[in-house]
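Structure first, commentary second.
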Amino acid sequence: MRIQDQVKEHFQFKVVHEDKKSGARAGVITTPHGEIPTPVFMPVGTHGAIKALPPNFLEDLDTKIILSNTYHLHLSPGSKLVKKAGGLHKFMNWPRPILTDSGGFQVFSLQRKSIKEEGAEFKDHKGKTILLSPETSIEIQQELGSDIMMAFDECIPYPATREYTKKSIDRTHRWLDRCIESWTNPKQALFGIIQGSTYDDYRDECLDELVKRDLPGYAIGGVSVGEGPELMEKIVKYTGPKMPKDKPRYVMGVGNPEDLCMIWENGIDMSDCIIPTKFARGGTLFTRRGKIRIRHKNYRRDFFPIEPNCKCYCCQNFTRAYVKHLFDSNEILGQVLATMHNIEFYKNMAEEAREAILDNRYSQWKEDFLKSYKKDDGSKNN
Ligand SMILES: [Zn+2]
């Protein structure tokens, strides 16, 4: 039996409802480590940890799935060691689903690398030459034991010529066949990635090539690479609704609240980004009225929570003045509380969007959300 058929026993996706007035949809992804209601936002745990948060906090926040990075875990501690520890779930004590990227994005963002038919070659921090290929990427991801693996592709930088894009996507499709060849564990789903830069016809071509391979899920890659919000929206609007309806649709690396509203409206189910956690550690917190920079002097005597209606541990127990004080004093607790709050904000946003989709009022929800989020009440000082 083909691996694409074997995986169906362990990995499923069901659309529960499609919003009647927009392209947004609510669904459920089933994996060996649990169910994921969609749309879902995935926090990023690059090195096998969400920075500043132990996994039990993430479970309390009801995080359903996290992303971890193949490239980083390959460099340290190495996937062989993680496998020996019982796989990434056990190693990091995270019982719920994990998605791993292919490592391609990180390698292609390096200054010094060389791309060959075989794969991408680069030097690690010790100066050792490492080749990341479709075979090694899948081998590493299988040793990590993630629930969802990503195909090894070239994330095309922006801008790219038509000529370069064509050459790159052809190679990415040859790489995809090699990824499928190396994929042996049916408990791990392999997602393909649509590239094609800003060219509609190449995006179509990539989608056709992927659908031919009948994979468990599909992603839009090569966005959020410097093309700007207008072009990103154009790509997602064009490609999202054409992606197979019965498979999860994932946009990689997108995580501004405004962008999430846009991708969900175009029928996207999943996304990931470092924004909520990275911003939290820098003292930028997300609220219904936009982002606030907690270090600002305005919050010195502000004895309200970060967000009055928020159910997170930070907002239930601490004031803005205290969180500001923690950041000012370089207390690690500030970063912990801020990370909790931002993860809760993103989770709530996805949950509310899902409810709105189920009630056929997604567009209204989006409009209300953005109206409040973009409103400047003069206290934010972004
Ligand atoms: Zn909160």
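The values are calculated or read from the model by the stated rules, or taken from the named source; none is laboratory data. No experiment lies behind these values; they were computed from the predicted model shown. Cβ atoms come from the backbone with ideal geometry, glycine included; neighbour counts cover every protein chain shown. Ligands, DNA and RNA are excluded from the accessible area calculation, which covers all protein heavy atoms including side chains. Shrake-Rupley method; radii C 1.70, N 1.55, O 1.52, S 1.80 Å.
Got a sec? Which of TYR202, TYR250 is more than 23 Å from THR136 (Cβ to Cβ), touching a residue at least 12 places away in the same chain (Cβ under 8 Å), assigned by TED's automatic domain parsing to the domain that holds THR38 and among the aromatic types (Phe, Trp, Tyr)?
TYR202
List the residue pairs whose Cβ atoms are under 8 Å apart, where the first residue sits in region 294-315 and is outside the structural domain of PHE57 (by TED's automatic domain parsing) and farther than 11 Å from MET340 by Cβ, the second is away from the ligand (no atom under 15 Å from the Cβ) and not in a helix (DSSP H, G or I), and the two are 6 or more positions apart or on different chains.
Every condition considered, the pairs that remain are HIS296/ASN381; ASN298/SER379; ASN298/ASN381.
Within region 38-47, is even one residue outside the structural domain of ILE357 (by TED's automatic domain parsing), out of contact with any Lys or Arg (no Cβ under 7 Å at 6 or more places or on another chain), surrounded by fewer than 21 Cβ atoms within 10 Å (Cβ to Cβ) and not β-branched (Val, Ile, Thr)?
yes
If I ask for residues that are of a type in the set (Lys, Arg), open to solvent by less than 70 Å² (accessible area, probe 1.4 Å) and in contact (Cβ under 8 Å) with a residue 40 or more places away in the chain, which ones from region 160-185 would you list?
Once the filter is applied, which keeps residues that are of a type in the set (Lys, Arg), open to solvent by less than 70 Å² (accessible area, probe 1.4 Å) and in contact (Cβ under 8 Å) with a residue 40 or more places away in the chain, region 160-185 yields ARG171, ARG178.
Go through (1) buried (at least 24 other Cβ atoms within 10 Å of the Cβ); (2) without any contact (Cβ under 8 Å) to a residue 60 or more places away in the chain one by one and return the number of the condition ASP259 breaks.
(1)
Suppose we keep only residues that are open to solvent by 100 Å² or more (accessible area, probe 1.4 Å) and among the acidic types (Asp, Glu) within region 360-380. Which one would you say is modelled with the highest pLDDT?
GLU367
For LYS347, are the conditions met, namely being assigned to a loop (DSSP other than H, G, I, E, B), under 28 Å from HIS17 (Cβ atoms) and within 14 Å of the ligand (Cβ to nearest atom)?
Judged against the criteria, LYS347 is not a match.
Open to solvent by 10 Å² or more (accessible area, probe 1.4 Å), farther than 22 Å from LYS51 by Cα, away from the ligand (no atom under 15 Å from the Cβ) and not assigned by TED's automatic domain parsing to the domain that holds ILE66, is that true of ARG354?
yes
List the strands (runs of 3 or more DSSP E) inside region 95-152, counting only whole elements, that have at least 2 residues being surrounded by fewer than 24 Cβ atoms within 10 Å (Cβ to Cβ) and either not polar (S, T, N, Q) or not assigned by TED's automatic domain parsing to the domain that holds THR46 (or both).
Here the list reads 113-115, 120-123, 129-132.
Take region 219-233 and flag every residue that is surrounded by 23 or more Cβ atoms within 10 Å (Cβ to Cβ) and in contact with a Phe, Trp or Tyr (Cβ under 6 Å, 6 or more places away or on another chain).
Within region 219-233, just ALA219 meets the criteria.
Within region 15-74, can you find the residues that are of a type outside the set (S, T, N, Q), without any contact (Cβ under 8 Å) to a residue 60 or more places away in the chain and either part of a strand (DSSP E or B) or under 30 Å from ASP359 (Cα atoms) (or both)?
Of everything in region 15-74, those that are of a type outside the set (S, T, N, Q), without any contact (Cβ under 8 Å) to a residue 60 or more places away in the chain and either part of a strand (DSSP E or B) or under 30 Å from ASP359 (Cα atoms) (or both) turn out to be VAL28, GLU35, GLU59, LYS64, ILE66.
Say we look at region 67-89 and pick out the residues that are buried (at least 17 other Cβ atoms within 10 Å of the Cβ) and of a type in the set (Ser, Thr, Tyr); which of these is nearest to the chain's Cα centre (by Cα)?
Step by step, filter region 67-89, then rank; the result is SER68.
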